[in-house]
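Heads up, the thing below is written out as structure tokens.
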Amino acid sequence: MNLHEYQGKEILSSFGVRVQKGIVASTADEAVEAAKKLTEQTGTEWYVVKAQVHAGGRGKGGGVKLAKSIDEVRDLSDKIIGMMLITPQTKAEGKLVNQVAIFEDVYYPGKSENEEYYMSVLLNRATGRNMIMYSTEGGMDIETVAENTPHLIFTEEIDPKVGLQGFQARKIAFNLGLSGVALKEMMKFVTALYSAYEGSDASLFEINPVLKTSDDKVLAVDAKVSIDANSSYRHKNLFALRDTREEDPTEVEADSFGLNYVKLDGNVGCMVNGAGLAMATMDLIKQSGGDPANFLDVGGTADAERVEKGFRIILSDPNVKAILVNIFGGIVRGDRVAQGVVDASKSMGDALNVPVIVRLQGTNAIEGKKIIDDSGLKVHSAILFEDAAKLVNQVLS
């Protein structure tokens, strides 16, 4: 689950990380009030107006602006809220900006000693250990830094048995070229950042940039945070922050039905039980001359209601020309799935207006195929993978 920048900074602050203070606003009037409160709290007279969307590169798209007065806060907020923000990480049409965050200006005017760094905490899947990735080249696209100057990117892996050690935090600060007070501040920052990552069961904490001010304070000026969805039962307070407006509406609807759905760009919808089989099914569709239109895992149950919901989710995509249902009967029985497909097809009637291929294997697969064949519906059945592939090819021809 992705969070907005202001939400990520709130989490960081709760773990003792120094952050750029800010207040979220949904209207220009709220933005003005937020700016006034920030002046009372911090004394700032300049403000940074930032679009709050789940996408990087907001500044390049016009979603980050510096306001040097309250009037500018109003004008800039009014322009940003409601705009379609286009960045390298959005679709071509961009993302609707529903709110902005007003942050204090932490770049001291006239001071050249401000330094920006890059830092993130994530899992190194090759080693199975968390790692801190960092660079002196903050404020830039880390992908560009990695491509052009890879020697300026450092990593520090964390032993899960002992956690982040003091000497590692010190090493990070040294590699960033810091000394004295700034070195100690960076050590505190790194330690608190890693605590926030572990304490919130995050899959990513990315701070770009981390700022060292001219008076040697170290703080997070940005925050990109993703929380592991598997930890929802432990962090109900964090998952209450979910902003479904930032997600694909169809995926949100599928999630409400308990379906694992990801929309793709192809023409063959697939409904499968199990993530591994779903991936294999997508390969099958590709080899048969089609393109998968989605990833849809119905889990261990596939009764009529669940199958019907899956069909309706898949058919919400106008590009879908056929649907492949691929079920391995382990926990779930093939005949039960087949009856679910038949019942769902009858319930949907003309709404189910594309060819449906059902491939059953495992428990009661033969019985399931007979149920479909005897139903009188225009549903094609198969047991072998290659038979399903041939049927996909036929309906697309």
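The values are calculated or read from the model by the stated rules, or taken from the named source; none is laboratory data. Everything quoted here is computed from the prediction, not taken from an experiment. Counting neighbours? That spans all protein chains shown, and the Cβs are built from the backbone with ideal geometry, glycine included.
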Within segment 162-173, the residues that are among the polar types (S, T, N, Q) and either at pLDDT below 95 or surrounded by 16 or more Cβ atoms within 10 Å (Cβ to Cβ) (or both) are 168
Restricting attention to segment 24-52, which residues are within 29 Å of residue 227 (Cα to Cα) and surrounded by fewer than 20 Cβ atoms within 10 Å (Cβ to Cβ)? 24, 26, 27, 30
Please give the number of the condition residue 108 fails out of (1) more than 29 Å from residue 32 (Cβ to Cβ); (2) hydroxyl-bearing (Ser, Thr, Tyr); (3) in contact (Cβ under 8 Å) with a residue 40 or more places away in the chain. (1)
Residue check for residue 159: among the acidic types (Asp, Glu) and either surrounded by 15 or more Cβ atoms within 10 Å (Cβ to Cβ) or closer than 30 Å to residue 83 by Cβ (or both): no
Looking at this structure, is residue 92 among the small types (Gly, Ala, Ser), assigned by TED's automatic domain parsing to the domain that holds residue 31 and in contact with a His (Cβ under 9 Å, 6 or more places away or on another chain)? no
Return a yes/no flag: does segment 349-356 have any residue that is buried (at least 21 other Cβ atoms within 10 Å of the Cβ), within 22 Å of residue 283 (Cβ to Cβ) and at pLDDT 85 or above. yes
Could you check, for segment 175-192, whether at least one of its residues is assigned to a loop (DSSP other than H, G, I, E, B) and touching a helix residue (DSSP H, G or I) at 6+ places or on another chain (Cβ under 7 Å)? yes
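Are there any strands (runs of 3 or more DSSP E) wholly within segment 236-326 with 3 or more residues that are of a type in the set (Ser, Thr, Tyr), more than 19 Å from residue 341 (Cα to Cα) and in contact with a helix residue (DSSP H, G or I) (Cβ under 8 Å, 6 or more places away or on another chain), and if so which? Give the derivation first.
Working: elements: 260-263, 268-272, 294-297.
Answer list for segment 236-326: none.
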How many residues are more than 28 Å from residue 80 (Cα to Cα) and assigned to a strand (DSSP E or B) if we restrict to segment 116-149? 11
